[in-house]
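Working notes, beginning with the structure itself.
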Amino acid sequence: MPALTPDAIRTATETLSRLTDYLREAPEPTQALALIEPLLDEYTGLPVQLADALRALARAVQEHPDTPRSLEASLLIMELRTAAWEQANQHTLHYALDDLRALYASASSAEPECGRCR
């Protein structure tokens, strides 16, 4: 695996920015849902990954010998862990996607057909 760099992470955030721009153009909902789905996967999605990364950062900072052993450092580490917990709670957003998909599926099957299609 190639080494991670700040530029590699910036590329990922730029991709998210492009996705946001695309979604602002009001694409078809099914296409929008398909693009968002990997971000909100309940096991590998962004909330879970960001929570894991924040916990790992907190651990790395806390365990590093150069980290000051002070109240301020402890509070900052606790802030990272709290943010991780809050992110992890967002993992249930994939259920909203499931519900939206079902909503569009039921709407498309409930649309009346024209006379020739019956």
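Every number here is computed from the coordinates shown, using simple stated rules; none is lab data. Values in this document were obtained by computation on a predicted structure and should not be read as measured data. Cβ coordinates were reconstructed from backbone atoms using ideal geometry, including for glycine residues, and neighbour counts include every protein chain displayed.
Where is the GNM fluctuation largest for the chain (alpha-carbon springs, 10 angstrom cutoff): Leu100, Leu50, Leu71? Maximum among the listed residues: Leu71. Net charge of the neighbourhood of Leu75, taken over other residues with C-beta under 15 Å away and scored Lys/Arg +1, Asp/Glu -1, is 0. When Rg and the Kirkwood Rh are both derived from Cα coordinates, the Rg/Rh ratio for the chain amounts to 1.18.
Note on Glu63 and Ala3: the extension gain reaches 19.4 nm, defined as 0.36 nm multiplied by sequence separation minus the Cα-Cα distance.
Note on Arg18 and Ala102: their simple-model spin labels are 3.4 nm apart, each label 7 Å out from Cα toward Cβ.
Once both labels are positioned 7 Å from their Cα atoms along Cα-to-Cβ, the gap between Ala73 and Thr11 label points is 3.4 nm. Its relative contact order, with pairs defined as Cα atoms under 8 Å and 6+ residues apart, puts the chain at 28 percent.
Equivalent-ellipsoid semi-axes for region 38-79 (Cα gyration tensor, √(5λ), whole Å, largest first): 28, 10, 5. For the chain, the longest principal axis of the C-alpha atoms and the axis of helix 46-63 are separated by about 0°.
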